[in-house]
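One structure is given below, encoded as structure tokens.
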Amino acid sequence: MTMDCAAARALLLEAEPAELRGEADSPLAAHLRACAFCRRDADAILAGEAELDAALRALATPSADPKVIPLRPRRAWTRRIGPAAASVAALAAAVAAVMLARPGAAPPPGATAEQIARLMFPAPPVARAADGRSVAVLETSDPGVTVVWVY
Amino acid sequence: MTTPTAGAEPMEAMAARALTGDERAFAELATAVRAQVHRWALVRTGDADDAEDVAQTVVIRLHRHLHAFEGRSRFTTWLYRLTASAALDWVKGRGRRERAHLASAGAGEVFAATEHRIAALENERMVALVRSFFAELPARQREVFDLVDLQGFTPAEAGEMLEIEGVTARAHLFRARRAIRERILAAQPNAREDR
């Protein structure tokens, strides 16, 4: 063992992961293969970084997997009223279509917003965009909220 | 680092299919990239709630701008830059005063909106480590460390994604490693007393 523990400790802090695992062909890796004390520190670093990775993965897990349904632009029936009005009209029409398609699904008196939403949107609504525009339908973790994005 | 894949199909191939107008391919691509984009947005913004919003924005922009991907860079690099741009726009939209941590993290308030998610992590050591990661590292160091040491990109690839020189990426990486590893070793019981 040509490297002492003090030198190894200094190198541990910036070493490549392969060196920490003792896999590389370097003085530090050789030291780690021979020194139980420094090996333990290297293992602690590797374990800590794996935990950090797992934590970030957990934090970055979407609250729900949205179903993105981009649809091809269709020929516009609203060309004359302008893009902004067309977006609003298309969205309103999509919502209205869903509501009209389920005339028997009236919510009971005192129903919560979530219950009403479930009656209205048992499945993601299908929306069609006006000419030159696109639409995406995003489900959220809240069953009462479905985002319809016309852009 | 090879390009991340969804199942057996590389994202490049998925993007190529989506570029032909195959809407099903786009939906698959959007699903495949979402977790990765969310992770990048989290590390960049330091806020899990913002990251989710940024990820949704990126999916929309991906649909709108996919035709601009010409294959000159790897799809992952292109997607990272799309995410970085969306994150920047998102933070600007929330106001500099409220979201000043994007460019230079380091304040405890970074976690204000995310604390409930962090508190739900598996164990206390993990919670402390994540807090340290966000509160003590500048955003650029976080990004490079996450890309290279946790996700397996090379420093050169990380530099390309972040639009910085490879040598600069390595400098950020070493600083981040030192800070994180010192924190990890300090949390080890009797780590230094034995020698």
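Here are the numbers for the structure shown:
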read-out: Convex hull volume of segment B:1-99 per residue (C-alpha atoms, cubic angstrom); value: 95
read-out: Mean separation of Cα contacts under 8 Å (6+ apart) over length of segment B:1-99, as relative contact order %; value: 27
read-out: Simple Cβ-charge dipole of segment A:5-59, Lys/Arg +1 and Asp/Glu -1, about Cα centre, in debye nearest 20; value: 220
read-out: Sorted by Cβ density within 10 Å, fewest first, the residues B:His65, B:His172; value: B:His65, B:His172
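Since every read-out is calculated from the coordinates, none of them should be taken as a lab result. Everything numeric in this text was worked out from a predicted model, so none of it was measured. Cβ coordinates were reconstructed from backbone atoms using ideal geometry, including for glycine residues, and neighbour counts include every protein chain displayed.
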